[in-house]
Structures are given as structure tokens and as C-alpha cells.
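The structure appears right after this line, and notes come after that.
The values are calculated or read from the model by the stated rules, or taken from the named source; none is laboratory data. Note that this is a predicted model, so its numbers are computed, not measured. In this analysis, Cβ positions are derived from the backbone assuming ideal geometry, glycine residues included, and neighbour counts consider all displayed protein chains. Each accessible area value is taken on the protein alone, full model and side chains, heavy atoms only, with ligands, DNA and RNA left out. Shrake-Rupley method; radii C 1.70, N 1.55, O 1.52, S 1.80 Å.
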Amino acid sequence: MTARVLNGKELATKIRGELKTKVEELNEKDIFPALAVVIVGNDAASRVYVNAKKRACSEIGILSYEYALDEDTTEQDLIELIHKLNNDHKISGILVQLPLPKHINEDKIINSIDIKKDVDGFHPVNVGKLMIGNPQFLPCTPAGVMELILESGIDISGKECVVVGRSNIVGKPMAILLLSKNGTVTICHSKTENIEEKIKSADILIAAVGKPEFIKGSSIKKGAVVIDVGVNRLEDKKLVGDVEFESASKVASAITPVPGGVGPMTIAMLMKNTVKAAVMQKEGNMS
Ligand code: NAP
């Protein structure tokens, strides 16, 4: 068996095209979606992500404003900037690129973002809304995974879904979204016993571990759908996921590549949330 490759890059391009048309229509109604992108310090990977997000904005017609702060910026200075952006009517969404330098408490920063501008969907209020089935902004990576699965015609209802990883930004919200589509969800983490057995039981396997090629084809159930969220750079600079693509694609029925799978979908969902935020703010229509 050779798995169908789920092309996130292609789907993300389609979504971005649709968003571009939507932004043009909004502009005619005097609505100008705008994203504030805040980056602190000189993390090379963060810089790559921020540039990709700004590029996506400019392609779609979303305005973007970058706030690049020094590594030694204080927590208080960052909170003050966020308060300023919260009150700035021309800003629809605020993205603070993570990770932040160690001396800054990420939770405090996320909590300081206005929930109406929280386009990453990380604020506890938005997490709570997701939890109770009334989401305002879906967190971008899990939302991108869901779009990729659903647009590929894959049915989640009643399926054994195994999420490996329980971070607040990927694993946990991923599990909630699969549950909301009636998947039967297991979350695995570093303390999970018999993890091989659990991974092998998955009809839909989501890998969000952050360990290069951690899951091999021999661990995967024949015909499973494999979504690889991991992005790991090897010493030779090659990018690989958390799944060993070559062996897994011989067993799975469908699999996402790295790069070109979940990554582009994450950015497309950020763009979607920013457009949604602009519309909601204009309409004063916050749930
Ligand atoms: P994270 O916060 O480091 O979480 C990793 C999770 O994996 C933790 O829950 C950890 O368990 C679990 N884990 C670690 N070692 C394990 C093991 N041996 N067995 C089972 N579980 C294990 O990472 P993250 O932010 O969720 O990101 C995960 C990966 O996705 C990274 O490669 C990241 O770069 C990538 N990512 C990609 C995108 C994208 O757009 N493509 C977006 C976000 C993240 P414990 O909780 O027990 O420690």
C-alpha cells in the first residue's frame, strides 16, 4: 500500500485564495483586516515563522504590523504594548510569536491579549469556549489539521483517534476538536504506558511530539490516517516530522508530508481567524 499524500500546501493555497477574495469584498465595506505580529528576541525559527505569516498577510491583502522587540524587553513593557494594540482600532488580531525569552511569563502575556483579538486562540477564555463547544477562535494548528482531514473526505465519527502530545497549543485542543466530530480520542504523552499499543490502535493518528521520526511505519495500523504535526530540523538542516514518512507511507492510507502538510494549514488558519476577527469587531458581534 502507498498512502495518499494529504497536500496541506495545496489546500492552504486554495484557502488563501478564498480569503483574498473575501478581504477585497470587506475592503469595499471599509473593513481592513490587520494583524499585529509581535516577536521578542532573535530566535531564528521564530523569525522564519513571523516572515511566513507576514508574507501570507500581504498576499491576501491583510495589513500586517511587525513589532520586533529586543531579547531583554521586560514583561511589563510587552504587556504595555499588548494593551496598546488591544485599544488600537486598526488592529484586528494580535499574534505574539512563541516561545518568548525565559524571563517573560507566557501565560501572563497570553492573558493580556483582548479575547476579541486573540487570533491564535490561546487565551483561557477562548480555550474554555472551545472546550464547551462554542469556539470563537480555533487554535490554528489543530484547526488546520481538522480542515485537512475533513476536506480530504476522511470521516472522523466513531473512529479511534490517537493524539501523541498534550501541549496547550496542539495536543489538547486537537483532542477536543476530534471529539467534537465524534472521534473516540486517546491522548498520549511522555508518561503513557504501552504507548506502542495505543498508537497501533489508531484509525487516525496525530503526532505532535517534537521528536524527529519518533513514530515508525511498524507502529502504525494498516490503513490508518497519519497526520504529522512535528517540525524537526536535523543536523544536516533537513526538515522532518515526528513520523518516519517513508516507512509510514507504506502502511497508512493517507499521510501528511513534512514540509507541505500541517505547516501551511496553520498559517492559513491564522489568516482566517484574522479576517474573522475584523468582521466580528466591525459588527460588534462577539459571542
Ligand atoms: P511540546 O509543547 O514540546 O509538547 C510535546 C508533547 O509530546 C508533550 O505533551 C510531551 O509529553 C510529548 N512527548 C514528548 N516525548 C514523548 C514520548 N517519548 N512519548 C510520548 N509523548 C512524548 O510541543 P508542541 O508545541 O505541541 O509541538 C509538537 C511538535 O509540533 C513540534 O515538533 C513543533 O515544532 C510542531 N509544531 C508544528 C506546528 C505546525 O504548524 N506545523 C505548529 C506547532 C507545533 P509531556 O507532556 O508528558 O512532556
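Worth a mention:
- Restricting attention to the range 30-47, the residues being at pLDDT 95 or above and either outside any loop (DSSP other than H, G, I, E, B) or in contact with a His (Cβ under 8 Å, 6 or more places away or on another chain) (or both) number 9.
- When the criteria are applied in full, Arg16 fails the requirement of being under 21 Å from Val119 (Cα atoms), in contact with a strand residue (DSSP E or B) (Cβ under 9 Å, 6 or more places away or on another chain), at pLDDT 95 or above and among the charged types (D, E, K, R).
- Sole exception among (1) open to solvent by 60 Å² or more (accessible area, probe 1.4 Å); (2) out of contact with any strand residue (DSSP E or B) (no Cβ under 8 Å at 6 or more places or on another chain); (3) farther than 25 Å from Glu18 by Cβ for Glu283, by number: (3)
- Of all residues in the range 206-217 being out of contact with any Cys (no Cβ under 8 Å at 6 or more places or on another chain) and more than 9 Å from the ligand (Cβ to nearest atom), the one that is farthest from Gly183 (Cα to Cα): Glu213
- Residue among Asn51, Asn27, Asn42 that alone is farther than 30 Å from Val231 by Cα and open to solvent by 30 Å² or more (accessible area, probe 1.4 Å): Asn27
- Residues that are β-branched (Val, Ile, Thr) and closer than 17 Å to Val231 by Cβ, drawn from the range 165-190: Ile169, Val170
- Of all residues in the range 242-270, those that are open to solvent by less than 10 Å² (accessible area, probe 1.4 Å) and away from the ligand (no atom under 13 Å from the Cβ) total 4.
- Failed item in (1) buried (at least 19 other Cβ atoms within 10 Å of the Cβ); (2) more than 22 Å from the chain's Cα centre (by Cα), with Ala208 passing the rest: (2)
- Any chance Glu193 is within 13 Å of the ligand (Cβ to nearest atom), free of Cβ contacts under 8 Å to residues at least 12 places away in the same chain and open to solvent by 60 Å² or more (accessible area, probe 1.4 Å): yes
- The range 62-91 residues that are closer than 19 Å to Arg47 by Cα, paired with ones that are in a helix (DSSP H, G or I) and open to solvent by 30 Å² or more (accessible area, probe 1.4 Å) (beta carbon under 7 Å, 6 or more apart): Ser64/Lys54; Ser64/Ser58; Glu66/Lys54
- One residue stands out among those in the range 87-100 that are more than 21 Å from Pro264 (Cβ to Cβ) and surrounded by fewer than 17 Cβ atoms within 10 Å (Cβ to Cβ): the one that is nearest to the chain's Cα centre (by Cα), which is Pro99.
Conditions tested, residue by residue: (1) among the small types (Gly, Ala, Ser); (2) within 30 Å of Glu24 (Cβ to Cβ); (3) open to solvent by 40 Å² or more (accessible area, probe 1.4 Å).
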| site | (1), (2), (3) |
| --- | --- |
| Leu63 | no, yes, yes |
| Ile79 | no, no, no |
| Ile110 | no, no, no |
| His123 | no, yes, no |
| Gly133 | yes, no, yes |
| Phe137 | no, yes, no |
| Gly144 | yes, yes, no |
| Glu151 | no, yes, yes |
| Ile156 | no, no, no |
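- Candidates Lys237, Lys221, Lys216, filtered to the one that is more than 21 Å from Met146 (Cα to Cα), open to solvent by 30 Å² or more (accessible area, probe 1.4 Å) and touching a Ser or Thr at 6+ places or on another chain (Cβ under 9 Å): Lys216
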